[in-house]
Structures are given as structure tokens and as C-alpha cells.
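S.K.: Quick one: the structure is below, and I'll ask about it shortly.
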Amino acid sequence: MSFTDHLFISVGESSGDLMAAYLVQQLKELDPHLHFSGIVGPALLTLGVHPVAEMDELSVMGVVEVLRNLARIKMLKSKVLSYIDTHPISAAILVDSAGFHFQLAEELKMRGIKTIQYVAPKLWAWGEHRIARLKRDFDLVLSTFPFEENYFQQRGVPCYYVGCPIADRTARIQLTKEALGYAHDKHLVAALPGSRVQEVQRLLPRLKSIAQRIKDQVPDTQFVVPIQPNIRKRLKTLLENMEEENFQFTDNMSLELMAVADAAIVASGTATLECALLETPLVVVYAMSPFSYWLAKRKVKIPWVSLVNILQEKAVVREFIQHFSDESVAHELVTLLLSDSERQSMRLEFQQLKKKLSAPSSVSAVTRIGDLLGLYRKKRVYSVQDN
């Protein structure tokens, strides 16, 4: 296929949307003639990326949830492929959300489209059998954890470490409680129930119950729950019925809240790593459908679910998964709020983790993509023509 200036980019959740937006900015600086379309979130929309679909249509997690939404996901894939068949693209950059993107990549590859997976799927933890598909359907895999490059390359996957954007993003945040309008003499807990509607619906009532138990023991505790505006709109009634003086919701602001909080309670996912890199003590909670949990237990090969524990290869933070009591989570959080030694011990582990992930990559994501697509050669041609 000949090169066009049209690239497709796809995201499935907010963290991927932010990563993709930064990448689009860099690619446009490299080649101002590029234009983008794709499955987008608010950050990509702000940059003028044409929305073939919005990320909410893809934001489904868990086997049962996927099965319930299978028809909708198939329609989304058909919609994307129909657009691509009528709007030729040179490459597709698929950001995280490996479940859907594995399906899409197979179709793209058959169309002769260069396909890039940004954020290597965690196949070293679960799903190693899919490495053959990763090798077959992707021209380039960009890793955000240093050890993944060697792991995938040994298995024949064209994978390169390009730095950890989460580490870069968290390093830029320097805030105080007062700057966000919270009293410095009250305990502040950031409660993050996830970035998908199903996650929030399932976990938010548990977080409210846990918060009440903590306030019974530590009355001067303020809980703040950052919620994406699209989720707030869809769960308007649920949130209104839960909000009270010491249990409040705010739009977005998850990183900022984690940075100034005394402790956090976080649904397993990217947010656990963000919280650790901000050196905020945390507890991890997660719950899914019974069947999804049964299947995950059979597939997952490692003893932890949070990225913090996986990367440190030990239980740095407590994980409460599926079958847990609200009282036990509350007890752990109270310990973190009141024990300086517990908080300091956890922060020392976080500092070691930061050192691991701050290791610079020799080549950035935009450089790898630029090399694959020949954008540097095109840039030289533009420069000659412009002169």
C-alpha cells in the first residue's frame, strides 16, 4: 500500500487517550501533513482527531461483560473497518486495550496496513498463547516497561522499550492539598473505582461502605472520588444519591488527587501504578463477575493483580480481590492513615519502583513509529520542496 498522510489511532480508556494525545502531538510536530481519525477520547478530540467512534463504545472489561456486549463490539469493529475501507490509511496505532485491538489488527494486517501496538500487552502475566498472534499481526510493539523488550524479542516479536509515559506524567505533578482546596489538617483519601462504567457501578457502593467505616474510626477524613464527565453523566442518579459532605465527586483530577492524598483506595489497573509513582500509600480493591473471576484465576500465572506488586515481584501493597470484607479494607486504610512507619515503608518501595521505570529508553515512541512509516525521509523531501 502506498503512503497516505492519514493515520488511524484507537484508544479504549482514559489513560490510553492521554498517551495517544501526546503521541499525536509529537507526530504532528514531526510531520505537519499528517491527519488522524480513530476511536477517540476527550484528549484526542481536543486535538482535532476525527471520531470514527468514541472510546466509551469500547470500554468493556471482564469476560461476562464482553459477552454481554459482543454484538455491540462486533458492530464497532465493522464500523471501523468500513471507515478504513473507504478512507485509506497507511498505519494504525492501537493504544492498550489489547482484547479488542488483537481482533482489529488481524483485519488490518489482511488489508496490508502497518499495525502498531502502543503498550505491550501483559502476555507475560496472562495469555502467553497469544504471542504468536502478536508476532503475526503487528509490525511494531512499543513497550512501556523496560523488561518487556527482551521478553518479547526473545519470542520473535518486534518490541522496543520506549519509556514509561506514566512515570513521565506523574513526575510533572507538584501540588499541595491547599492548592486543590482541601484542608491540610484533615486526612484526605482518594478513592478511584475505575475508568469504566461497569467498574464504577460495581465498586462505588463498596467504596462508600468502606469510607463510612473509616470515618467511624478517623472522623476527620475526607473522601474524594474523581469521575470522568462521561461516566458522571451516565451514572448521574447513583452519584447524586451517594454524595455527601465527606464523600464527594469531582471531574477527572485523578492524578492531582492522588498526588496530595494521604492515602488512596484504587481499583486495580493503571491507577495503581500512577499512585505508587506519586508515592501515595494505597490499597487495591477489585471485583468482577463470578465467571470472569473464575476464568481469570485459571489464566493468570502470577500471584498479584496490581502493577505495583507485579513490577516489584512482591506484595508491596495489599490487594483485596473479589471476596473481601469492607471492614478488612477499612482496617488497612486506617493503618496507612495513622502509621508513619507503614507509610514510609511503602514509599521506600515506591521510590525503588520509580528508579526502575525512570530508566530512559534509547529511542522514543515517535521515533520508532517515524522510522517504521518513513516519516523522516518524507520530512527531508518536504524540506527540499519548501526551500
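S.K.: Can you confirm whether residue 307 is within 17 Å of residue 275 (Cα to Cα), in contact with a strand residue (DSSP E or B) (Cβ under 6 Å, 6 or more places away or on another chain) and either free of Cβ contacts under 8 Å to residues at least 12 places away in the same chain or not β-branched (Val, Ile, Thr) (or both)?
M.R.: No; evaluated as a whole, the condition is false for this residue.
S.K.: Quick one: residue 327 ticks every box in (1) surrounded by 12 or more Cβ atoms within 10 Å (Cβ to Cβ); (2) modelled with pLDDT of 95 or more except a single one, so which number is it?
M.R.: (1)
S.K.: Right, here's the next one. Cβ-Cβ under 9 Å, sequence separation 6+ or interchain: first residue in the stretch 312-340 and without any contact (Cβ under 8 Å) to a residue 60 or more places away in the chain, partner surrounded by 13 or more Cβ atoms within 10 Å (Cβ to Cβ) and acidic (Asp, Glu). Which pairs?
M.R.: Note: pairs meeting the criteria are 312/349; 314/349; 316/349; 317/349; 318/332; 320/332; 335/342.
S.K.: Another question, if that's okay. Scan the stretch 263-297 for residues that are within 18 Å of residue 195 (Cα to Cα), out of contact with any helix residue (DSSP H, G or I) (no Cβ under 7 Å at 6 or more places or on another chain) and either without any contact (Cβ under 8 Å) to a residue 60 or more places away in the chain or outside the structural domain of residue 235 (by TED's automatic domain parsing) (or both) and report the count.
M.R.: Summing the residues that are within 18 Å of residue 195 (Cα to Cα), out of contact with any helix residue (DSSP H, G or I) (no Cβ under 7 Å at 6 or more places or on another chain) and either without any contact (Cβ under 8 Å) to a residue 60 or more places away in the chain or outside the structural domain of residue 235 (by TED's automatic domain parsing) (or both) in the stretch 263-297 gives 1.
S.K.: Still on this structure, I have one more. Please go through the stretch 227-244 and pick out each residue that is within 24 Å of residue 262 (Cα to Cα) and crowded, with 20+ Cβ neighbours inside 10 Å.
M.R.: 227, 228
S.K.: Condition first: surrounded by 17 or more Cβ atoms within 10 Å (Cβ to Cβ), in contact with a Ser or Thr (Cβ under 9 Å, 6 or more places away or on another chain) and modelled with pLDDT of 95 or more. Can you find one or more residues in the stretch 60-71 that meet it?
M.R.: Among the residues of the stretch 60-71, not one is surrounded by 17 or more Cβ atoms within 10 Å (Cβ to Cβ), in contact with a Ser or Thr (Cβ under 9 Å, 6 or more places away or on another chain) and modelled with pLDDT of 95 or more, which makes the answer no.
S.K.: Only one of these is touching a strand residue (DSSP E or B) at 6+ places or on another chain (Cβ under 9 Å) and buried (at least 16 other Cβ atoms within 10 Å of the Cβ): 349, 256, 279. Name it.
M.R.: Of 349, 256, 279, the one residue that is touching a strand residue (DSSP E or B) at 6+ places or on another chain (Cβ under 9 Å) and buried (at least 16 other Cβ atoms within 10 Å of the Cβ) is 256.
S.K.: List the pairs whose first member sits in the stretch 244-262 and is within 17 Å of residue 206 (Cβ to Cβ) and part of a strand (DSSP E or B), whose second member is at pLDDT 95 or above and small (Gly, Ala, Ser), and whose Cβ atoms are under 8 Å apart, counting only residues at least 6 apart or on separate chains?
M.R.: 247/211
S.K.: For residues that are touching a strand residue (DSSP E or B) at 6+ places or on another chain (Cβ under 8 Å) and over 15 Å from residue 364 (Cβ atoms), tally how many sit in the stretch 160-191. If you could, list the steps in order and put the result at the bottom.
M.R.: The initial filter retains those residues of the stretch 160-191 that are touching a strand residue (DSSP E or B) at 6+ places or on another chain (Cβ under 8 Å), namely 160-162, 177, 182-183, 186-191.
The next check asks that each one be over 15 Å from residue 364 (Cβ atoms); those that pass are 177, 182-183, 186-191.
Adding up the residues that qualify gives 9.
The values are calculated or read from the model by the stated rules, or taken from the named source; none is laboratory data. All values derive from a computational prediction rather than experimental measurement. Please note: Cβ atoms are built from the backbone with ideal geometry, for glycine as well, and neighbour counts cover all protein chains shown.
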